[in-house]
Structures are given as C-alpha cells and as structure tokens.
1. By average Cβ neighbour count within 10 Å, what is the ranking of 350-359, 909-918, 1030-1039, 814-823 from highest down?
2. How much length is gained on full extension from Ile1043 to Ala161, taking 0.36 nm per residue of separation minus their Cα-Cα distance?
3. Once fully extended, how much extra length lies between Ser683 and Ile975, figured as 0.36 nm per residue of separation less the alpha-carbon to alpha-carbon distance?
4. Would you work out the charge dipole size for the range 190-319 about its Cα centre, treating the Cβ of every Lys and Arg as +1 and the Cβ of every Asp and Glu as -1, and quote it to the nearest 20 debye?
5. Once you've got the Cα coordinates, tell me which of Lys516/Lys668; Lys78/Lys317; Lys61/Lys234; Lys314/Lys836; Lys325/Lys721; Lys63/Lys199 are over 29 Å apart.
6. Percent of accessible area on the range 102-173 owned by carbon and sulfur, 1.4 Å probe?
7. Please go through the range 256-341 and write out the chymotrypsin sites (Phe, Trp or Tyr not before Pro) that DSSP classes as loop and that have at most 15 other C-beta atoms within 10 Å.
8. Assuming R0 = 51 Å, can you tell me the calculated FRET efficiency for the pair Glu425 and Tyr370, based on Cβ-Cβ distance, to the nearest 0.05?
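The values are calculated or read from the model by the stated rules, or taken from the named source; none is laboratory data. Model, not experiment: these values are computed from the prediction. A quick note on method: Cβ atoms are made from the backbone with ideal geometry, for glycine too, and the neighbour counts reach across all protein chains shown. Keep in mind that these areas ignore ligands, DNA and RNA; they rest on the heavy atoms of the full protein, side chains included. Shrake-Rupley method; radii C 1.70, N 1.55, O 1.52, S 1.80 Å.
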Amino acid sequence: GAKMSRQRADSEGSMRPDDEVMPYSDDETDDELDTSESEAEGEPEVTQAHVEASLPDVNWKVKANDRPYHQQPQFQKKVFLCIKKSRYAGNAIKTYKYNVLTFIPLNLYEQFKRAANLYFLALLILQIIPQITTLPWYTTLIPLVVVLGITAIKDLVDDLARHRMDKEINNRKCEVLLNGSFQDSRWRQIQVGDVVRLKKNDFIPADLLLLSSSNPNSLCYVETAELDGETNLKFKMGLRVTDEMLQEERQLADFDALIECEEPNNRLDKFLGMMQWNGERYPLELDNMLLRGCKVRNTDVCHGLVIFAGGDTKIMKNSGKTRFKRTKIDELMNYMVYTIFAVLILVAAGLGIGHTFWYEQIGSKAWYLYDGLNYNATYRGFLSFWGYIIVLNTMVPISLYVSVEVIRLGQSKFINWDLQMYFAEKDTPAKARTTTLNEQLGQIQYIFSDKTGTLTQNIMQFKKCTIAGRSYGTGIFVCLNTKTSPVDWSWNQYADQKFQFMDHLLVANVKSKKDKDAMEFFKLLSLCHTVMVDNKDGDLVYQAASPDEGALVTAARNFGFVFLSRTQDTITIMEMGQEKTYEMLALLDFNSDRKRMSIILKFPDGRIRLYCKGADTVIYERLSTNTQHRQTTQEALDIFANDTLRTLCLCYKDISANEYEAWSRKHKEAQLVMGDREAALDSVYEEVEKDLMLIGATAIEDKLQDGVPETIATLAKADIKIWVLTGDKKETAENIGYSCSLLTDDMTVHYGEDVNFRRARQTPEEPFFTETGKNALIITGGWLIDFVDMACECEAVICCRVTPKQKANVVSLVKKYKKAVTLSIGDGANDVNMIKTADIGVGISGQEGMQAVMSSDYAFAQFRYLERLLLVHGRWSYIRMCKFLRFFFFKNFSFTLVHFWYSFFNGYSSQTAYEDWFITLYNLAYSSLPVLLVGLLDQDVNDRLSLKFPKLYIPGQQGLLFNYKNFFISLFHGIFVSLIIFFIPYGAFLQTMGQDGEAPSDYQSFAVVTASSLIFTVSLQISLDTSYWTFVNCFAVLGSIAIYFGFMFDIHSAGIHVIFPSVFTFTASDGGKEEEGARALPAGQALPSLCLCLFSLARLRRPHLVWAEHSAASCRPQRSKCKHQGDSTQRGGEHLS
C-alpha cells in the first residue's frame, strides 16, 4: 500500500514532503518528536535511529553564483533504474495532477479506488459474459458512466484552474544575476545558488537568504499573508557582514560563499544553517530567510541568494495533504454496505442452490425448456448464482455515494450563505472549508476551546500594574463613582490618544522623575520587546507580533518612554523628552516553553543590563534571594487574576563586562550548533537568566466577545461538555470561567491538586463524584493525563498553563478513551495542533492571523456563531442525512427484493421481474430527486425553535436516528413492501379475464404493474416522511411520477420497437399478433400456466431459455419469429394442461 501511494504521489508530480524520509510533518511539534524519542528508550538501537532522524540533516550545500557546482555527481539522485537527476529542484512548480495523456487513466484509477465504483465495474464485466448475463450491460454502464462522468468533470475543472495558475506563476518576471549583471528572467528559470534582486511589492520567487537591502541595517519588511494569512508586516534581517560588503552589482557577482543548512522541510517556524565565507563561519536562522509566497514591503530593493527552489520551498512542502477526517455516519454507512453485500451473496447462493434442485427435478424433464446447452445442474446453479449477483446488485446502490456528496455540498453552501453567521464589522462570512463533515456537527459531545481570541476579543488594554510593591490603576467602577476622568495626555506629543488610564498618581510619579522604580518599569517596557515601528507622516505605528506586546509598548509610550526605532543592534527611545540609543548585545526570544523574553543592553554610560519579562511562574523561580517586594507583588498578581487580567512580571539584572564576555562566547558557539541548536541556546539562556531583581508586574485586560456567556449556557443545555484550554494562570482562568458562564454558582469546583489524593484510593470502575449535583474541574496542564475519566464526568473543565502540544494531547485523550465526537475551536497558530486533532476543527478569523482558519474545517469570526453552527446547521444536517439514508436503503430493498419473490415462480433462473430500462432508470431518474431534496431541505422545527430548545440536539449525540437498528427496520420495511408489490399484482393476474375474453396475464403487463406500484409506493412513502414541504419537494415527487410515465409510454410503444427491435423487445398492447400466444390461454388456468406464460415471454430476453428450434427461428424475419414463439407457447400450454 505504501509503495502504491508513493508511486501515485510521484505520478501526480506532487512536490510534497515525504514523511517516511523526513520526520517533520506540519502537525508535529518539537515536543511530539521529543516524546516519540523518549517512548523508544527501551530499545537503544531504535532510539538512536530516531534521534538521528529527528535532527535535521545538514547536508544541503549551496554555492553562490556557481550553477555547475550543483550539477556535480555527488548531488545527483537516482530517479528510475540508472536515470539520475539533480537533487536540487528547479524553480518551476507543478500543482496540477493531470495532463492530456494521463487525465483519463489517472482519473479512472483514482475513482476506482473507491470500493463502490470497483464493485460496479466488476458487475459490468460479469454482465458482458454471455453465459451469466441476466441484465443488458447498459443497466450498469449508464449509471456508472454518469457517476464517473460527473466526478471526472469536477476534477477536470479543478485541474484546469491549477494549470492556469501554475503557468501564470512560473512565468512571472524577476531579475537574476547572470554573467556579472542583473538580467530579466522568468521564475521557472531560476536555480539554486542564483542571486536575485527584488523590488518593493514583488513576490519572493524562492526561499532566499537575505544578503542586503536598501534599508539601513539590511532590514527587509515582508507580508506573509500567503504563508500564514497574517497581514501585519514581519521584518527580516540580513547578516551585517553581507549587508556591508554586498551592495553593488560587482560585489554581488564576486560573492562565492558556501551555505550549509538543513534539508528542505515544511517547518515554517525553523531554519538552521551556517555560511562559510572568507574563512569565517556565520550562523543563519529563520530571521535571515525570505520565504517564497511572501511579498516585499516598505523596502525599495533587496538581494537574496536562492537556497531552496520550486518544490523544495517551505510553502510547497506545506501543500501536502491534511489529515483525512471521516464522520461516524460514513463509517456506519460503509459497514452497512458490507452487510448488504454479505446478504446479497447469501441470497444469491441460496437461489443458485435452488436452481440446481429445480433443474434436476423439473427443468431437465421439461422438453420445451431444452436450450441446446448440455450443462449439468450444478453448473447451471453456479451460473444462476452469478446471474442473481447481477440481478440483485441494486441492493448496493451506485447513486448512494453521489447523492451523499451532493447533499453534503448543499449543506456546506447553506452554512456559507447564512447571514446570521456573517460578521459585518470585518466583512467575514462563515465558511465551510470542507464538505465531508456536516452531519458530524449534529453529534458533538465535547468542545475544546482556546480562551484568548476565541472567547475574548484579543484586543488588549493596559489596565493596572504593580511597581515596587505598590499597585496602580483603580477599578473602573470606583472611578465612575468618584467622577474620575481619564488621564489627559496632552503633555506628551507622542501619546496615543486612544489609550485610557484612570490612575493620575502613577502619571504624576513618572512626570516628577523622582520614582526611580516607575522610571525603570516603563524603560523596560519600551526596550524589551520585538515590536517594529513604522513612521507614517510623523505618526508612530507599532507592528507587534502579539497584541499583549503592542499594548505594553503603547503604555510605555504614553507614560513618556517612547520607542522610536530599532536597527540590528541598537534600540532608540525617547526618555521623558530625551532621545537615547541603547546597544542591543543579545535578544533572548520568547517561546511557549520558555514563557519569557530577555534583552541584554549596553547603556550609553557603558553599563550592561539584562531586562526580562515573563509569566510569574517562570520569573519567580529565577529571582535573586535578596530581591524586594516579592510577597506584595504576588498578592497584587492574585488580585489582578481575580479581575480576569493577564499578568506579566518584569525584572532586571546588572551584568559585569567580564561576565558578559564569557557568556557571549558560549552564546556564539551555541548559535553555530547544527544539531539541536534550540536546546543548546536554551541552556545558555538559563545561565544568564538567574538572580533577577523584581521591578513589578503589568495587568492587561482582554474583554470577552459579545454573546459568549449566552452561547456557553445554551450549549451546556444541549448536553455538550465544554473544556477551556488556556495558557493563563489558575485564578485568571477560574474568573474568566465565571464571567463567561462556563462555571456557575450551582457547580462544585474541584482543583486537580486537591483531588489527587482521593483518586489514589478509588477503583477505576467507581464514579469519582458520588454526591449529586454539577461538578467542574480546574487543572494545570501537566496533571491532565491522570484525570481523563474524572474530567469527563464534569460539566465544565478548565485546563490552565497548557502548551500547544498539551492542548492536542487533551483532545486525543478524550477521543481515544471516551470514543466521543470532539470539536476544537481556536484562533491562533498555537491552536493548529488541537484543531487538526479533533474530529471537527473550527477556526476563528480574529486578531492572530489566519493560521487556525487555514487548518480548520469550518471558520467564522465570532465564538457566538458556534451555537448556530451546531444547534441549527449541525442538527439539521444530521437529521437530513439520517432520513436520507434510511429511506434510500428502504427504496432499494423494496425495488430489488421483488426479484427474490419472483425467483420462486421462474425456477430460480435469475429472470428479472421488471424490464431492463426500468432497472436502469429507477435510481437515476424515477426515485432519486424527492429523497435528495429531503436530504437537502428537510427540517423538523425551524432555526428559532432549534435554538430555543437545545435539548433537541441530544438524539444526534446518542446516534439515535441512524444505526444498525434503523438499518434493519429499513430492511424489514423494504421486505414487507416488496412482498406486497409482488404478490398483489401476481394474485390479480393469476385468474383474470379481459373484456375480450382474453387473459392480460403476460410478462409485460405484470412488469409494468409491479413497477408502477413501486413508483407510487416509494413516492407516497417519501411524502409521508417529509416534514418540511416546499414547492421544490412537491414538484420533485409529482415530477418523478410524470417522468416515469413519460418514459414508460415511450419504451413500450410500437414505434420504438420497430426502430430498435433487439433492444426494446416489448411492444404496445395493440401490437397485434406478438402477444397472440399469451392471450390465447384460457382464463382461470392454474399457476403452471402463468409460469409457462411468463417463461414464454422470458425467452425473448434469456439466452439460456431458448426453444429447441432456436437456430431455425433465428434465421427467420422478426415477425415470423414472434409468431412461431406464440404457437410454441400455445403447444406448451396444451401439453401442461
């Protein structure tokens, strides 16, 4: 299987990551790789191999301005047998799947990978074999061609769009350094090692190492919208050495560095490399790279060296297939199709055995049934078995899968078109990004939600702070009572007028310049960050990576510490009216494990100081023993947390020059490590970030989104359990829980630490909470694995201090142990893992860019729309799909099992009860539209009532509307209806006399009567099942009946028989002599007469039930042949009488 899929990937020309060779996948994090290593510790050989695999290979070498270098034999890889090609991809990309030659074979191959299509192909082959064919080949071919054709056209349209897109991208223009000067070239002609010149607003053609730019300090601003959907600008920096020495065309032409870096992979957040040039080695990281798909902004000219081209670029490596998610109903449906298949084989085998006995006892002794083929009874039974497989094949309907796709597509469109989920402020409609999961939205049992940006607005405001043990920033309500006005910022020309602060005392302290701690506090905020500043017409615009950081720098700006500009190694601020420039010696960046960031600065007076800000848990571990205000700050932090504010601690440390020198050497060595560079840097950072002196803490408010408490309360009434996973501290999380109605006053709140001792004493079978009432659990990330059973008994769970990796683990634990249907909702890159792990992932398009949305199955702008998505769209989709499937199985059983009852009267000879064209068109034209419309439009109650009574959601969670019980009810319903449809016409025709004294009991009349009864029954049944009538439903039911009669009159007309006598063997009842024999039978004859009558007409259709005079008859013209058959029938009848 792996081999086959590999070949297919190659044949698609896909430039996708090969996960067997490269352990990084876009839904793995470093932690995931680490855990897989630690799990393997029991087997040393495996561990070693895995560690090596998880470290990026550093054997990718790029030589600047040297195309022949990359064509050397050691850089060739084997493609096929002895054909080799360069391991360096060209820059042309190919996202299309098919070309003119491969479209038909490849598309058919892909479609026949679906079991149902393959099954119908096998049937078609069986129908071509003359010995066993019971139905003409077109009864299967026509539906199969329609189904394959529709899918193929859809694929073709998609692929043509990809062809156009590829052509447009590959032919974009770009300046490349060739033969010592820049020349215009197309993107597809660019190669690894080329030097490229880019101008403002150009798209970046490949993954480049930034060499120099027209901005001071080789800064280059890029917009990464195509990569991660974020529109705020990111900055990239070239190395200082290349920026100073590579500005002129001549210098660039002489550039001959060798770059060694990791192999191409799909990690957008990582790059490890090293440049060797003029005998020196320089570390390279992601900040030095311009990635393909980004756009150059605010930079007039920049130069880059191509490291990865075409399919090796990170954006192309990320275009791999995402995890394929399937719904519970999908799985059930497949199992049911297997069940039907098993029933089909058993029934066909039974009837085949029946034919063997019948032939031995009756068939072989009746001279008039002799067909000239000397087959024994067993062989005939074997042929009959295959004949019945063909006749009864409609139990597994070919149109089922197509209809399900159409219904899902329709449901997705309804979600996209729902104006009540449209957010006008941002002009963002709801978007169903997948069409395969809609009915699963009606079965959700657990929701896992991020807090920041999902439940809250992610618009941060600096509200309070504590400096040297004293708190500032009184509560809003106090201010309103005492008529306090917000602070007036007119004294500060740089102030952001939108910033509001209520505590005048702090401003007075800072303005007096006497409070040294307050001065230090705001100086730290203005220096320790990664914000970029844009100067628009004298107005400072801050571009922050996170809203928290933007809020803190803006607060410092208003208090008189204005961040003005930064270069690669300096930061300039305005300190109470005086401009000062600090030299930046090192920046120790923030990540989700470190939970802090530090900066080491050289002051204008030569002092070296480290500033650090981070979460209280990590800062308190690293404080010096003689730091002051430790206790008072902790108390203040608890108060802030109770007010649901987000807190950060600020601290500093003075470093001597010698100490810094020693540390700097270690830092440089760690930067050049090519293996696990991050771990090396972390341990170096740990050495310097200790013995810190506490200054104070900040508190930022992040308001709840509109409608969050109401939405959570409604979803809780629908028996959906909501878990909030957040990085906040416990107190903040608990208070947010109360403010958003997740925790209510009637709940007993348990804390992970307190429950631990109780857990030890319990047996696994016992419930954790013996007393009645609602329970909630608040727990810290690390404890979670021990508590799955207990947490699942709670109405609400809040997990605090969780990393992105732990979020995904929580979801997979509940999926695994509870077999529950889960939904994750988040808005940022840190939620991507969780969104991909859950059965359904919802992305919120908020302040944090679009990464969550791009990984999600459904996306909208506000948390409150989740209520409508689940309780209205999800519930309706589930009800519709269940009703559709129940009815679909029923109509096919009613239709197919008539053949089964008929077999008892035709010697089990796999004769069909209907005529061929009815069998061909039944699922395509006569019965498909009404049930399809029920699957698209039906609703038991309207959307208003669905939201008003959330308990209506519960049947979906329990899977009550479609399961094996419903399936067998449909089966028995079908059996019952088929019995009636067969036996009532049979009884009516058994002893019947027409007005002209003739019996109309011929095969044609019988087939038409049973077919008409079936169409009426099925149409009336779907009418009874329809809860919500629209004009379209009404039109479909009546239209289906009309289409049936329209076709019937055509197919049974004399005219069409004359034109195609071999295909349309039936003629109209006024055809005269053709039916003479059948009509001449005396009325009131017993069952054998009817059987014989049916047989006599059957021989028109059955190759192995022909008369003894077959050869003679076949030589005569059609008319005489019919006449002859009539006479024979008459003789047979007399013989039997």
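1. Result, highest mean Cβ count within 10 Å first: 909-918, 350-359, 814-823, 1030-1039.
2. 313.9 nm
3. Gain on stretching Ser683 to Ile975: 97.8 nm.
4. 320
5. Lys516/Lys668
6. Roughly 76 percent of what the probe reaches on the range 102-173 is carbon or sulfur.
7. Passing sites in the range 256-341 are Phe324.
8. Here the calculated transfer efficiency is 0.05.
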